[in-house]
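The next block holds one structure in the form of structure tokens; read it before the comments.
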Amino acid sequence: MKASDSTASTPASMRYPTFVDELVVKRATRGDAAAISQVYDILSTPAFNLANRMTMNRQLAEDVLHDTFIKVIANLHKYRGQVPLWAWVRQVLVNTCLNVMKKESRHQYHDSLIDEFGRETIADPVNHDHDHARLDAMTLLGQLSEKSRTVLILHDLEGLTHPEIAAMFEQTESFSKSVLFRARKQLNELIKGHDPEH
Amino acid sequence: MTQNTELPLSRSARELLDTLPVQRPSADVWASIQQSRLAEEGKRSDRYRRYWQSTSLAALLLITLMSGYWIGQQRPASMSAEAMALQQSMTESRLLEQQLRALNVAPALHASHQGRHARQELARIDVQINQAYIESRPDAALTTLWQQRSQLLSNMIQQGQRRNLQPERI
């Protein structure tokens, strides 16, 4: 049984590990169940957090995590180690996530977001609480469009380059740069709007 | 506005993003993944079983059809060869019978013991041939009988020729 605590949270500055030992990877690619379990132990947290930030919905993020690992495990034998395993898993996850987000209607996971975070800021931006103490990154990210949020997360949090993001969206680099520009601008403005000093 | 120019994240935005919570997925996800994998493996083995069953059935059907086709191809040639052999033996027998009659050796053959025996044998073979036609026996069986008849006629001709050469003994 995997250890879990859905309420536990640690600061993002404490980066979660994404490195999987080469030997474990080799064993996993050969179908070793214990090694596969170990890969999940290491990569499920970063994968889940990325999915959660992209979808802004815990349930949906868990579904994405599930589907991603089903695909990853089924295709592990094809992994040749050209890129770190996390980069490979992340690509599968982002593609899965983008597909899921296309299918899901927006209001469904906004409702869920309210349940998850106990706030109304996303579903009802008019009643947004300007108390700086309640301002948090998830709330602000939730106010960005899906596309802006995803590009911002991939570039500024995951460290992906514009060509990599463009490839994931099947778009040009200009698209990625343009969306990132708008996302950063919007985020900066949102923060200013929440700051009582402004 | 040059959107392709990198707009830096403000310090506040960067600090805020650094406070993003790190959460863990619930344990149910791994259990669900395991369950899905087991179900998928079950489906896969079912698919393999069905695949092999249908492949074996298809192969069996193909072999049956090909054998049927091959037999169908072989039978007319075989039947044709048998029919030809039968026709040939019948013609030979009729020619020998004509040759025997032309020799006009019947009285001579009738007078000798060997001649009488040969005529009885010929009658017996003719009965057998008639019976074979009534019973619709295969061509090969009929050919054998017609060949026996030809052989007997051939012997009778030789016997008659020898008698003709010695008329004083008749």
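State which entries of A:103/A:185; A:147/A:185; A:71/A:185; A:78/A:147 exceed 24 angstrom in Cα-Cα distance in the structure shown. If you can, show how the numbers build up before the last one.
Values: A:103/A:185 28 Å; A:147/A:185 14 Å; A:71/A:185 36 Å; A:78/A:147 30 Å.
A:103/A:185; A:71/A:185; A:78/A:147, as the Cα separations exceed 24 Å there.
Scan chain B and note any complete DSSP helix (H) whose C-alpha atoms cover at least 20 Å along its axis and whose Kyte-Doolittle average is -1.0 or more. Don't jump to the answer; show the numbers that get you there.
On the way: long enough: B:27-103 (113 Å, -0.39); B:113-134 (32 Å, -0.87); B:139-165 (38 Å, -0.75).
Answer set is B:27-103, B:113-134, B:139-165.
What average count of beta carbons from other chains do you get within 10 Å of the Cβ of residues in A:147-154? Could the numbers behind the result be given before it?
Working: counts 0, 0, 0, 0, 0, 3, 2, 0.
Across the residues of A:147-154, the mean count of other-chain Cβ atoms within 10 Å is 1.
Over all residues in A:29-39, what is the mean tally of Cβ atoms on other chains that come within 10 Å of each residue's Cβ? Could you put the intermediate results ahead of the total?
Details: counts 0, 0, 0, 0, 2, 0, 0, 3, 3, 0, 0.
Mean number of neighbouring Cβ atoms from other chains: 1.
What does the buried accessible surface come to for B and A, summed over both chains, with the probe at 1.4 Å? Round to 100 Å².
On the way: alone 13960 and 11500 Å², together 21670 Å².
Approximately 3800 Å², summed over both chains.
Describe numerically, in nm with one decimal, the distance between label points set 7 Å from Cα along Cα→Cβ at residue B:133 and at residue B:91.
1.9 nm
What is the ratio of the Cα radius of gyration of the stretch B:113-157 to 2.2 N^0.38 Å, where N is its residue count, to two decimals? Provide the component values of the computation, followed by the final result.
Numbers: Rg = 11.1 Å, N = 45, 2.2 N^0.38 = 9.3 Å.
Taking the Cα Rg and dividing by 2.2 N^0.38 Å, one obtains 1.19.
Residue by residue through the stretch A:76-83, what is 3J(HN,Hα) from phi via Karplus (6.51 cos²θ - 1.76 cosθ + 1.60, θ = phi - 60°)? Round to whole Hz and write x for glycine and proline.
Values, residue by residue: 4, 5, 8, 5, 10, x, 5, 10 Hz.
Give me the net charge for the shell around residue A:94: Cβ to Cβ below 14 angstrom, other residues only, Lys and Arg +1, Asp and Glu -1.
Values: positive: A:53, A:71, A:90, A:102, A:147, A:149; negative: A:67, A:146, A:158, A:164, A:170.
Every neighbour counted, the sum reads +1.
Percent of accessible area on chain B owned by carbon and sulfur, 1.4 Å probe? Walk me through the intermediate numbers first.
Values: 6730 of 11970 Å².
Exposed carbon and sulfur together represent 56 percent of the surface.
Carbon and sulfur together cover what percent of the accessible area of the stretch A:147-192 at a 1.4 Å probe radius?
Values: 860 of 1860 Å².
Carbon with sulfur: 46 percent of the solvent-accessible area.
Sort A:172-178, B:123-129, A:87-93 for me by packing, meaning the mean count of neighbouring Cβ atoms within 10 Å per residue, highest on top.
Values: A:172-178: 17.0, B:123-129: 14.1, A:87-93: 20.4.
The packing order, highest mean first, is A:87-93, A:172-178, B:123-129.
Arranged from highest to lowest average of other beta-carbon atoms within 10 Å per residue, in what order do the peptides B:138-146, A:70-78 appear?
Highest-to-lowest ranking by the protection proxy: B:138-146, A:70-78.
Calculate the FRET efficiency for residue B:69 and residue B:99 from the Cβ-Cβ distance with a Förster distance of 41 Å, rounded to the nearest 0.05.
Numbers: r = 46 Å, r/R0 = 1.12.
The calculated FRET efficiency here is 0.35.
Just tell me how shielded B:27-38 is by partners: mean number of partner chain Cβ atoms within 10 Å of each residue's Cβ, no decimals.
Working: counts 6, 6, 11, 11, 2, 6, 13, 7, 1, 5, 6, 0.
Other-chain Cβ atoms within 10 Å of each residue's Cβ, averaged: 6.
Based solely on its DSSP helices, what 222 nm [θ] is calculated for chain B when runs of n ≥ 4 H residues each add -39,500 (n - 2.57) and the sum is averaged over all residues, nearest 500 deg cm²/dmol? Don't jump to the answer; show the numbers that get you there.
Values: 5 runs with 140 residues, N = 170.
Helix contribution divided over all residues of chain B: -29500 deg cm²/dmol.
Which three extents, in angstrom, do the Cα atoms of chain B have along their principal axes, listed largest first?
Answer, in whole Å and largest first: 148, 44, 23 Å.
Apply 1/(1 + (r/R0)^6) to the Cβ-Cβ distance of residue B:121 and residue B:48, taking R0 = 41 Å, and write down the FRET efficiency to the nearest 0.05. Please list the in-between numbers first.
Working: r = 70 Å, r/R0 = 1.72.
Calculated value: 0.05.
The values are calculated or read from the model by the stated rules, or taken from the named source; none is laboratory data. Note that the structure is predicted; figures quoted are calculated from it, not measured. FYI the Cβ positions are ideal-geometry reconstructions off the backbone, even for glycines, and counts take in every protein chain you see. Side chains included, ligands, DNA and RNA excluded: accessible areas come from the protein's heavy atoms. Shrake-Rupley method; radii C 1.70, N 1.55, O 1.52, S 1.80 Å.
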